[in-house]
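Below is one structure; the comments refer to it alone.
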Amino acid sequence: ADGGEGGGGGEESAAEWSARVTVLAGPEGLRVHSCKLARSPFAAPEEVDSPLGAFAVGQRVEVMQEDEGYEGAWFVAEVLELQKEAVRVMYPAFAAEEGSDAKLEDTVQLRRLRPMPPPPAPAFSGSLSAGAPLEMLFEDGWWQGGLPASQAAG
């Protein structure tokens, strides 16, 4: 349940693939650091017997945030428990409390989960064009955006 190979030929699911780009800011401005593929949502409901069946305890997933200031950002989490219509997860990047070694845990609805993206194809970043949808890594989360014209490969 790791999301498949993505981006290839053949029949695709109702899920859409987009570029996931790590952009670094420096004195010269922004520059593309690395690229991956992202798939959202994880699968169309008719593709699996149960959406819960797409996940397993111990699996690394991404969780879409809905809290103010984090809306739409995706953060890596580990599945701790499968429940009837939700999943209990642990976020390795966040402490449960300030100064604590314990990690933040939460119960989230299945609609907010997606598998980790597959690795990018070789020279994937060279195929990006201005305005291409992408996700940028910022403060441990993946945020949706578009590639600025000055950063497009070419």
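What to note about this one:
- Any hit, region 102-125, residues being without any contact (Cβ under 8 Å) to a residue 24 or more places away in the chain, within 20 Å of residue 60 (Cα to Cα) and among the small types (Gly, Ala, Ser): yes
- Filter result for residue 62 (assigned to a strand (DSSP E or B) and either at pLDDT 90 or above or under 29 Å from residue 132 (Cβ atoms) (or both)): yes
- Residue within region 13-35 that is at pLDDT 75 or above and out of contact with any strand residue (DSSP E or B) (no Cβ under 7 Å at 6 or more places or on another chain) present: no
- Contacts under 6 angstrom Cβ, first residue in region 62-82 being free of Cβ contacts under 8 Å to residues at least 40 places away in the same chain and under 16 Å from residue 116 (Cα atoms), partner of a type outside the set (Lys, Arg) and surrounded by fewer than 16 Cβ atoms within 10 Å (Cβ to Cβ), 6 or more apart: 79/57
- Scan of region 90-99 for residues that are surrounded by 16 or more Cβ atoms within 10 Å (Cβ to Cβ) and either assigned to a loop (DSSP other than H, G, I, E, B) or under 15 Å from the mean Cα position of the chain (by Cα) (or both), ordered by number: 91
The values are calculated or read from the model by the stated rules, or taken from the named source; none is laboratory data. All of these numbers come straight from a predicted model, not from anything done at the bench. Note that we place each Cβ from the backbone using ideal geometry, even for glycine, and neighbour counts take in every protein chain shown.
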